[in-house]
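Enquirer: Dropping a structure here in structure tokens format, bear with me for questions.
The values are calculated or read from the model by the stated rules, or taken from the named source; none is laboratory data. On a predicted model such as this, the values are computed, not experimentally measured, just so you know. Glycine also receives a Cβ, built like all others from the backbone with ideal geometry; neighbour counts cover every protein chain displayed. Protein only, heavy atoms only, side chains kept; ligands, DNA and RNA dropped before computing areas. Shrake-Rupley method; radii C 1.70, N 1.55, O 1.52, S 1.80 Å.
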Amino acid sequence: MHEAGIALNLIEAVEQRLEQHPGHVDAIHVRVGELAGVSTEALDFAFQCLSAGTPLAGARLVFEVIPLTMTCSACGGTNPVEDLVFRCPACGSENTRVTTGRELEVRTLELSEEPEVAHASN
Amino acid sequence: MHQIDVKAGLLEPNDAIARENREFLTAHGIYTVDIMSAPGSGKTSLLEWMIPILAGRYRLAVVEGDIVGNADKERLDGFGVPIYQINTGAACHLDAHMVHPTLHRIVEAGTEVLLIENVGNLVCPAEFDLGEDDVIMLLSVTEGHDKPKKYPLMFRRAGLVAINKVDLLDRTNFDLPSAIASARDVHPGIAVLTTSCRTGEGIDDVVAWLEWRIAAKRAAVDAAPAGAGSST
């Protein structure tokens, strides 16, 4: 939840990066884990609303949904998490940690050249 | 068209302040627990039981998170323990930024154990690290035994789930073994206790769990290399 706040963080993170590397943002690649607690639809909507009237207006959000996997400390295996059961399916151990599926990050930007800005003639 | 890397975490603004909070609390020897549940599950009632027991053994402080008002603070005011009310105004959860300004007063009061009662909500509090050491959650028997698989984030954040209002078990269709199995599917290793704030059942066990966690933190801090952690 709180996709609006997350969208604001996203806009700020992109703007910060653009200070070092200016350009027109065509697309923003975002990785969202299955267990990140974020709806990509809601995040997309929030971004569209909050970027309106800014240089980021019109940028596409491209989501990569990361599946939920866990790694077992007992047998070392990494397996998908099925039905939200976090015991190791290979050896039954309870000592597992989430390996993928909790991501929430801006990964890359697709930039094109800054469009020519028409200057008012004085 | 060209691509550039960004690699920016989108929860980092909260998490950065949470790390600061955690370092500050640890540097001053304070153990912190964040208590979460749906509204009305019994967080404040649990505190009404636990505070008199713990206050005899540790210097306590309580942070009360509510959207508006100080109804819960008023319930806890009589115990002689400082209660700091935070009103979120509209937000359905506490976050690290909201808690941050209170921490200096908590340290100045010589606090040893900080109990944070979060806003009643099974979803959002689990997403916002405050800088705590542990999370306790409550699930009351009137909420249904299917909740662990519906709210995995919260059940995975909690080190202990207190299944509360067990005095009402025979008035509900709550399947206790199913709820416990489900909680352990989602979070193998989660501690599960049954409690009642009407009869007092299980309260001593919750206190014992907390004291075990306090002792574990103190041992870990004592074992840390000299100079570890910063004081701000």
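Enquirer: Among the candidates B:Leu60, B:Leu46, B:Leu11, which residue alone is within 14 Å of another protein chain (Cβ to nearest Cβ) and either at pLDDT 95 or above or surrounded by 21 or more Cβ atoms within 10 Å (Cβ to Cβ) (or both)?
Expert: B:Leu11
Enquirer: May I ask you to verify whether B:Leu139 is part of a strand (DSSP E or B), in contact (Cβ under 8 Å) with a residue 24 or more places away in the chain, closer than 24 Å to A:Glu82 by Cβ and aliphatic (A, V, I, L, M)?
Expert: Spelling it out, B:Leu139 is indeed part of a strand (DSSP E or B), in contact (Cβ under 8 Å) with a residue 24 or more places away in the chain, closer than 24 Å to A:Glu82 by Cβ and aliphatic (A, V, I, L, M).
Enquirer: So which pairs qualify, if the first residue must be in region B:77-91 and open to solvent by 70 Å² or more (accessible area, probe 1.4 Å), the second must be not hydrophobic (A, V, I, L, M, F, W, C), the Cβ gap must be under 7 Å, and the two must be at least 6 apart or on different chains?
Expert: If the second residue must be not hydrophobic (A, V, I, L, M, F, W, C), the pairs left are B:Phe79/B:Pro52; B:Asn87/B:Asp66.
Enquirer: Which one of the conditions (1) away from every other protein chain (no Cβ under 14 Å); (2) aliphatic (A, V, I, L, M); (3) surrounded by 19 or more Cβ atoms within 10 Å (Cβ to Cβ); (4) touching a residue at least 60 places away in the same chain (Cβ under 8 Å) does B:Ile53 fail to meet, given that it meets all the rest?
Expert: (3)
Enquirer: Still on this model: Provide a single number: the residues in region A:80-109 that are open to solvent by less than 70 Å² (accessible area, probe 1.4 Å) and at positive phi.
Expert: 3
Enquirer: Does B:Val206 satisfy the criteria of being assigned to a strand (DSSP E or B) and open to solvent by less than 30 Å² (accessible area, probe 1.4 Å)? Working first, answer last.
Expert: On the way: assigned to a strand (DSSP E or B): no; open to solvent by less than 30 Å² (accessible area, probe 1.4 Å): yes.
When the stated conditions are applied, B:Val206 does not pass them.
Enquirer: Please pick out the residue among B:Pro177, B:Pro152 that is surrounded by fewer than 17 Cβ atoms within 10 Å (Cβ to Cβ) and either in contact with a strand residue (DSSP E or B) (Cβ under 9 Å, 6 or more places away or on another chain) or at pLDDT 95 or above (or both).
Expert: B:Pro177
Enquirer: Now a separate question. When you go through B:Ile86, B:Ile106 one by one, which is the residue that is closer than 16 Å to B:Met36 by Cα and either at pLDDT 95 or above or out of contact with any Pro (no Cβ under 9 Å at 6 or more places or on another chain) (or both)?
Expert: B:Ile86
Enquirer: What are the residue pairs meeting all of these: first residue in region A:84-112, first residue in contact (Cβ under 8 Å) with a residue 40 or more places away in the chain and at the interface with chain B (Cβ under 7 Å from one of its Cβ atoms), second residue among the hydroxyl-bearing types (Ser, Thr, Tyr) and surrounded by fewer than 18 Cβ atoms within 10 Å (Cβ to Cβ), Cβ atoms under 9 Å, and 6 or more apart or on different chains?
Expert: Close Cβ pairs satisfying both conditions: none exist.
Enquirer: Output the number of the condition that B:Val99 fails; it satisfies all remaining conditions of (1) crowded, with 20+ Cβ neighbours inside 10 Å; (2) not in a helix (DSSP H, G or I).
Expert: Every condition holds for B:Val99 apart from (2).
Enquirer: Determine whether region B:67-76 contains at least one residue that is in contact (Cβ under 8 Å) with a residue 24 or more places away in the chain, out of contact with any strand residue (DSSP E or B) (no Cβ under 8 Å at 6 or more places or on another chain), of a type in the set (D, E, K, R) and open to solvent by 10 Å² or more (accessible area, probe 1.4 Å).
Expert: Step one: of region B:67-76, the residues in contact (Cβ under 8 Å) with a residue 24 or more places away in the chain are B:67, B:72, B:75-76.
The next check asks that each one be out of contact with any strand residue (DSSP E or B) (no Cβ under 8 Å at 6 or more places or on another chain); those that pass are B:75.
Going one step further and asking which of them are of a type in the set (D, E, K, R), we end up with B:75.
From the residues that got through so far, the ones that are open to solvent by 10 Å² or more (accessible area, probe 1.4 Å) too are B:75.
Within region B:67-76 (the criterion being in contact (Cβ under 8 Å) with a residue 24 or more places away in the chain, out of contact with any strand residue (DSSP E or B) (no Cβ under 8 Å at 6 or more places or on another chain), of a type in the set (D, E, K, R) and open to solvent by 10 Å² or more (accessible area, probe 1.4 Å)), the answer is yes, since at least one residue qualifies.
Enquirer: Something else about it: Scan region B:30-50 and report the pairs whose first residue is of a type in the set (Phe, Trp, Tyr) and whose second residue is assigned to a strand (DSSP E or B) and at pLDDT 95 or above, with Cβ atoms within less than 8 Å and a gap of 6+ or a chain change.
Expert: B:Tyr31/B:Val113; B:Tyr31/B:Leu114
Enquirer: Is there any pair linking a residue in region B:120-131 that is farther than 15 Å from B:Val99 by Cβ to one that is open to solvent by 20 Å² or more (accessible area, probe 1.4 Å) and of a type in the set (Ser, Thr, Tyr), with Cβ under 9 Å and at least six apart or on different chains, and which?
Expert: Every condition considered, the pairs that remain are B:Leu122/B:Tyr151; B:Val123/B:Tyr151; B:Ala126/B:Tyr151.
Enquirer: Would you confirm whether any residue within region B:177-191 is within 26 Å of B:Arg59 (Cα to Cα) and touching a residue at least 12 places away in the same chain (Cβ under 8 Å)?
Expert: yes
Enquirer: Select from region B:180-193 the residues that are within 30 Å of B:Gly29 (Cα to Cα) and open to solvent by 40 Å² or more (accessible area, probe 1.4 Å) and list them in ascending order. It would help to see each step written out before you state the result.
Expert: First, pick out the residues of region B:180-193 that are within 30 Å of B:Gly29 (Cα to Cα): B:187-193.
The one that is within 30 Å of B:Gly29 (Cα to Cα) and open to solvent by 40 Å² or more (accessible area, probe 1.4 Å): B:Gly189.
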